[in-house]
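The values are calculated or read from the model by the stated rules, or taken from the named source; none is laboratory data. The structure presented is a predicted model; accordingly, all values stated were derived computationally and were not measured. Positions of Cβ are backbone-derived with ideal geometry, glycine not excepted, and every protein chain shown enters the neighbour counts. With ligands, DNA and RNA removed, areas are computed over all heavy atoms of the protein, side chains included. Shrake-Rupley method; radii C 1.70, N 1.55, O 1.52, S 1.80 Å.
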Amino acid sequence: MTTATHTAATGNHLSTGAALLTLMKLRTFIALFAVIIFFSIFAPNFLSTANMILMSKHATQNAFLAIGMTFVIITGGIDLSVGSIVGLCGMIAGGLIMYGVALPLGYTVYFNIVEVAVIVMVVGILIGAVNGLLITRLNVAPFIATLGTLYVARGMALLYSDGQTLPNLTGREDLGNQGFSYLGSGSILGLPVSVWILIVVALGAAYFARFVPLGRHIFAVGGNERASRMSGIRVNRVKMFVYMFSGFCAAIVGLVISSELMASHPATGTNLELNAIAAAVLGGTSMSGGRGTIGGTIIGAFVIGILSDGLVMMGVSSFWQMVIKGLVIIVAVVVDQAQRRLQQRVTLMQMAKAG
Amino acid sequence: MAEQDDGDVILELKDITKAYSGIVALKKADLKLRRGAVNVLVGENGAGKSTMMRIIAGVERPTLGEIWMDGERIHLNSPADAVRHGIGIVFQELNLFGNLSVAENIFATREITRGLRGIDHKAQVEKANEFLNRLEAGISADTLAEDLPIGQQQLVEIARAVSLDTRILIMDEPTSALSAAEVDVLFRVIADLKARGVAIVYISHRLEELMRIGDYITVLKDGQITGHAMVKDIDTRWIVRSMIGSDAKDFAKQVEHEPGAEVFRTEDICLPRAQGGYAVDHVSIGVRKGEILGIYGLMGAGRSELFECIMGRHEHYTGKIFVEGEELKGRDTTRRIREGLSLIPEDRQREGLVQSMSIADNLSMASLGQFLKAGFHIDLKREKEAIANAIRNLSIKAKNPDLDVTSMSGGNQQKVVIGKALMTGPKVLLMDEPSRGIDVGAKADVFRTMRRLAGEGLAILFSTSDLEEVMALSDRIAVMSNGRLVMVVDRRDATEDMVISASAEGHKTKRMHA
C-alpha cells in the first residue's frame with residue numbers, strides 16, 4: 001500500500017502502474033473469490049454445507065503438501081517425492097494396523113493408533129532427511145534427488161503389498177488398534193478433524209516462518225545462498241529441515257487419506273506433488289526462491305481444490321478439467337512474472353528520475 | 001578545455017541514464033566515438049565505464065537516452081544487434097567457453113560450415129591461427145581455452161574481437177592480465193586497426209598507457225562525464241583532477257586515540273591457487289583494539305582471499321588465526337562470527353544482501369539468536385528496537401524498514417550490510433572494499449562510521465585499491481601484492497610512492513622467475 005501512495009505523487013503514469021501492481025499482488029484472493037462466485041452461480045448445490053465440508057477435505061490434502069512444498073520452494077529447491085511419500089506412508093499405516101510388525105520367534109507386535117501415526121510421521125521425516133542429505137552432502141540437484149526418491153518410495157509402496165490394496169483398516173478390539181477412521185471422518189464442532197489438523201499445522205508453519213530463527217533463515221537461504229553463508233547461516237541445516245518438514249506433511253496426508261478410505265492403496269497420492277507445487281505458486285511463492293507465504297499457499301490450495309470440485313459438479317469432463325487447471329497455473333506464473341517486471345520498472349524509473 | 005573538432009563521429013550516446021536496482025550507474029552521459037582513433041575512457045572503480053560499454057555492446061539497455069550511429073538512431077537490444085552494427089567488445093572479465101577449443105571460441109556463433117556436412121574444424125583452426133599469429137600470441141588454435149593461462153586467454157578474447165571485422169572495438173582493461181611484451185604486441189595491433197578506420201574504445205586504469213595510445217579521452221566520475229579532450233592537449237594531472245574532482249574527498253578527521261592491545265592476529269595464512277602458486281602467500285598480520293589497518297593492493301593481490309580465509313570460507317587454507325590470543329579452530333563461518341569476527345564482503349549484491357528481503361530482515365538476519373525468548377521465540381519488539389538503533393547509528397536513509405532492500409541506493413545498501421555485521425557484535429571487523437560502488441556522500445558516511453567504531457574500540461581491517469583512501473583512513477598501512485604481504489608501515493611514515501611501488505613488488509619477483 002505504501003508503494004501505491006508513494007508513487008501517486010510522482011506522476012499519473014507511475015500511479016496507474018502502482019494501482020496495477022496492487023491488483024496483481026492481491027491476485028490469489030481475487031482468484032479465490034472469482035471461483036467461489038462463479039461456481040455458486042453455475043454449479044447447483046455448490047454452497048450447501050455438505051459440499052463445503054467435502055471440498056474443504058479435498059483442499060486440505062493439497063494444502064498440507066503445499067505448506068511443506070512452500071518452505072522447500074522458498075529455499076530455492078523442489079520436492080517431487082511428496083506424492084510417493086503419501087502413498088508409502090499410507091501403506092505403512094495400513095500394514096501396521098493390519099499385520100503389525102512380525103518379530104523373530106513368531107511374535108507379532110501391534111501398535112495402537114497413536115503409535116502408528118507417530119511411526120508413519122517418523123518415516124515421512126526420514127525420507128525427507130534422505131532427500132536433504134542427497135541435496136546438501138552429495139550435492140545432487142533437488143529436482144533429480146527428489147525425482148529419485150519419487151520412484152524409490154512409490155516402488156517400495158507397491159512392493160509392500162505386491163501392489164494390492166490393504167482393505168478394511170478398522171483394527172481389532174483385542175489388539176486395541178481401533179479408531180483409525182477418526183482422523184479422516186471424525187469432526188469437531190462441525191469441522192472435519194483433518195481441517196483442524198491443517199489449521200494447527202498452518203498456524204505452526206506461519207509462526208515458525210516469522211518467530212523462529214530457523215524459519216527466517218529459510219527466506220534468506222532462498223534469496224541469496226552465498227550471502228546467507230557469509231552471514232553465518234548454516235545453509236545445510238536449513239535445507240535438511242525443509243525437506244524433512246515436507247516429508248512430515250506428506251506423511252500426514254498419507255494418514256488422512258488412508259483413514260478416509262479405511263484402506264491403503266499403493267498408488268495413492270500419484271501426481272499430488274504437482275498439485276502442491278501449483279498451489280504454492282498460485283499463492284505467490286516464487287519458484288526462484290526467497291519469497292512466499294503460508295497464507296498465500298493455503299489460499300492457492302483452496303483455489304485449486306474448489307476449481308476441480310466445482311468443475312466436477314458442473315459436469316465438465318475430466319479432460320477439460322485438466323486443460324483448465326493447467327491454464328490457471330500458467331496464468332498465475334505469467335502474472336507473477338509481469339508483476340515482478342512492473343515492480344522493477346516502477347522503482348528503476350523512480351530512481352532514474354530522482355537521479 | 002578548448003572545444004575540439006568533432007572529427008569523424010561514428011557512434012554517439014545521447015543523454016544515457018542507466019539505473020540498476022540500488023544505484024544509478026550513469027546519469028545523462030554523452031559520448032562520441034570517432035573513426036580511426038583510440039577513444040580512451042577513464043574513471044575510478046564504479047564510475048560507470050563498464051556500464052557504458054555494456055550498453056554499446058548491447059548487453060544492457062539504457063533506462064533513458066538514445067544511441068545514434070552514422071547519423072541514424074539505433075536500438076541495441078542484444079549483443080547480436082551490436083555485432084550486426086559492427087560493434088565488438090573484449091570484456092574485462094574473461095568470457096571464454098573453457099570447454100571449447102580456442103578456434104571454436106573465436107568462431108562461436110559464426111562457425112565456418114560446409115553445408116550439410118557441418119562445421120569445418122580444419123578451416124576454423126587455420127583461420128584462427130592466422131589471427132593468433134597476428135597477435136604473436138604463440139597459442140595453437142586447437143588447445144582448450146581453459147588450459148591457457150589468464151594472459152593468453154585475454155589474447156584469445158582480443159583475437160576473437162579482431163576477427164569480427166568490427167567498425168567499433170571496445171577493449172575493457174585489455175592489458176590487466178598481459179605482460180609488457182604482450183602489451184607491445186597489442187598496441188601494434190591497435191595501431192593497425194586504427195589505420196584501417198576502426199574506432200577503438202580503450203578503457204584502462206594505467207594512465208601512462210592511455211597517454212601512449214589514446215587520441216581522445218573522456219573522463220567519467222560517478223556516472224557523469226567530467227572531462228573530454230584530445231590526449232595531445234592534456235597530461236596525467238588533468239586526468240587525475242577530472243577523475244577525482246576538485247572537491248577533495250570528505251575523509252573523516254582522525255580521532256586521536258592510542259590503539260590498545262592486539263586483539264587479532266594471523267600467522268602464515270596460505271591459500272594455494274588451482275593453477276599453482278598461492279593466492280594468499282604466508283600472510284602474518286596483527287591488529288590492535290581501536291586500530292584501523294588498511295590493506296592496499298591491486299586487483300588480484302589476494303586481499304579478498306585473505307579475508308575469506310579469515311572467515312573460514314576456504315576449506316584448504318593453512319595457517320593460524322587468533323582472536324584475543326585464542327586460536328580459532330575449524331573452517332566454519334558461523335563459528336567465526338560467534339567468535340567475534342565479521343566480514344563486509346566486496347561484492348555487495350552477491351555476498352552481502354538478500355535482495356528478496358526487506359531492509360529490516362537483512363539487518364537482523366545474522367543476529368537473530370540475540371533476540372530469543374525461551375530459546376526459540378524471536379522477541380519481535382527487541383528485534384525491532386535493535387534494527388531501529390542500527391538505522392539511526394549508521395544514518396541509513398530508510399523511510400520504512402519493511403520495504404525491500406533493493407529500493408535503496410547503493411550507499412544505503414552498503415550501510416545495511418555494515419549494520420548487519422555490527423549487529424553480530426564483532427570484536428574485529430573485516431571490510432573488503434567498503435567504498436566500492438557507492439556515491440561520494442555515502443562514502444563519507446561509511447568512513448566516518450569506521451572512525452567512530454575504531455574510537456569505540458573495534459579493530460578494523462579494510463582493503464582498498466584506492467590510494468587516497470588508504471592514506472587517509474588507516475592508522476597503519478599494509479600492502480599486498482600477488483598474494484604476499486610486502487609492507488606494513490605506520491601511516492605517519494608512509495608516502496604514496498612507497499605504497500605504489502610496494503604494490504607492484506610481488507609481480508616483479510614473479511616475472512624474474514618466469
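Among the residues in region B:309-319, are any at pLDDT 90 or above, in a strand (DSSP E or B) and at positive phi?
yes
Results for (1) within 29 Å of B:Thr266 (Cα to Cα); (2) of a type in the set (Lys, Arg); (3) buried (at least 22 other Cβ atoms within 10 Å of the Cβ); (4) modelled with pLDDT of 90 or more, shown as yes or no for each residue.
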{"site": "B:Ile344", "(1), (2), (3), (4)": "yes, no, yes, yes"}
{"site": "B:Gly352", "(1), (2), (3), (4)": "yes, no, yes, yes"}
{"site": "B:Met365", "(1), (2), (3), (4)": "yes, no, yes, yes"}
{"site": "B:Phe371", "(1), (2), (3), (4)": "no, no, no, yes"}
{"site": "B:His377", "(1), (2), (3), (4)": "no, no, no, yes"}
{"site": "B:Lys381", "(1), (2), (3), (4)": "no, yes, no, yes"}
{"site": "B:Ala386", "(1), (2), (3), (4)": "no, no, no, yes"}
{"site": "B:Asn389", "(1), (2), (3), (4)": "no, no, no, yes"}
{"site": "B:Asn400", "(1), (2), (3), (4)": "no, no, no, no"}
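Criterion first (closer than 20 Å to B:Arg451 by Cβ, open to solvent by less than 10 Å² (accessible area, probe 1.4 Å), more than 9 Å from chain A (Cβ to nearest Cβ) and touching a residue at least 24 places away in the same chain (Cβ under 8 Å)) does B:Met431 satisfy it?
So B:Met431 fits the description; yes.
Here is a list: A:Ser185, A:Ser246. Which entry is farther than 22 Å from A:Ala276 by Cα and out of contact with any strand residue (DSSP E or B) (no Cβ under 6 Å at 6 or more places or on another chain)? Can you show your working first?
On the way: A:Ser246 fails: farther than 22 Å from A:Ala276 by Cα.
Going through A:Ser185, A:Ser246 in turn, just one is farther than 22 Å from A:Ala276 by Cα and out of contact with any strand residue (DSSP E or B) (no Cβ under 6 Å at 6 or more places or on another chain): A:Ser185.
Working carefully through the options A:Ala157, A:Ala202, A:Ala227, A:Ala206, find the one that is within 14 Å of chain B (Cβ to nearest Cβ), out of contact with any Lys or Arg (no Cβ under 9 Å at 6 or more places or on another chain) and either of a type outside the set (Ser, Thr, Tyr) or within 21 Å of A:Leu272 (Cα to Cα) (or both).
On the way: A:Ala157 fails: within 14 Å of chain B (Cβ to nearest Cβ); A:Ala202 fails: within 14 Å of chain B (Cβ to nearest Cβ); A:Ala227 fails: out of contact with any Lys or Arg (no Cβ under 9 Å at 6 or more places or on another chain).
One residue alone meets the criteria, A:Ala206.
Mind counting the residues in region B:318-340 that are facing another protein chain (nearest Cβ under 9 Å) and basic (Lys, Arg)?
Residues of region B:318-340 that are facing another protein chain (nearest Cβ under 9 Å), as a first pass: B:332-338.
With basic (Lys, Arg) added as a condition, the list becomes B:335-336, B:338.
Of the residues in that region, 3 qualify.
Please enumerate the residues belonging to region A:211-224 that are of a type outside the set (S, T, N, Q) and within 7 Å of chain B (Cβ to nearest Cβ). Give the steps one after another, and end with the answer.
We begin by selecting, within region A:211-224, every residue of a type outside the set (S, T, N, Q); these are A:211-223.
Within region A:211-224, A:Phe211, A:Val212, A:Pro213, A:Arg216, A:Phe219, A:Ala220, A:Gly223 qualify.
Quickly run through region B:341-366 and pick out the residues that are in a loop (DSSP other than H, G, I, E, B), facing chain A (nearest Cβ under 9 Å) and not β-branched (Val, Ile, Thr).
Start the filter on region B:341-366 by keeping residues that are in a loop (DSSP other than H, G, I, E, B), which leaves B:345-347, B:353-357, B:365-366.
Remaining after also requiring facing chain A (nearest Cβ under 9 Å): B:345, B:347, B:353-357, B:365-366.
Selection gives B:Pro345, B:Asp347, B:Leu353, B:Gln355, B:Ser356, B:Met357, B:Met365, B:Ala366.
Within the set of pairs 6+ apart or on separate chains, which have a first residue in region A:323-340 that is at pLDDT 80 or above, a second that is of a type in the set (D, E, K, R), and C-beta atoms under 7 Å apart?
Close Cβ pairs (under 7 Å, with a partner that is of a type in the set (D, E, K, R)) amount to A:Val335/A:Arg27; A:Gln339/A:Lys25.
Which of the helices (runs of 4 or more DSSP H) found entirely inside region A:271-355 contain at least 1 residues meeting this: surrounded by fewer than 20 Cβ atoms within 10 Å (Cβ to Cβ) and within 14 Å of chain B (Cβ to nearest Cβ)?
A:318-354
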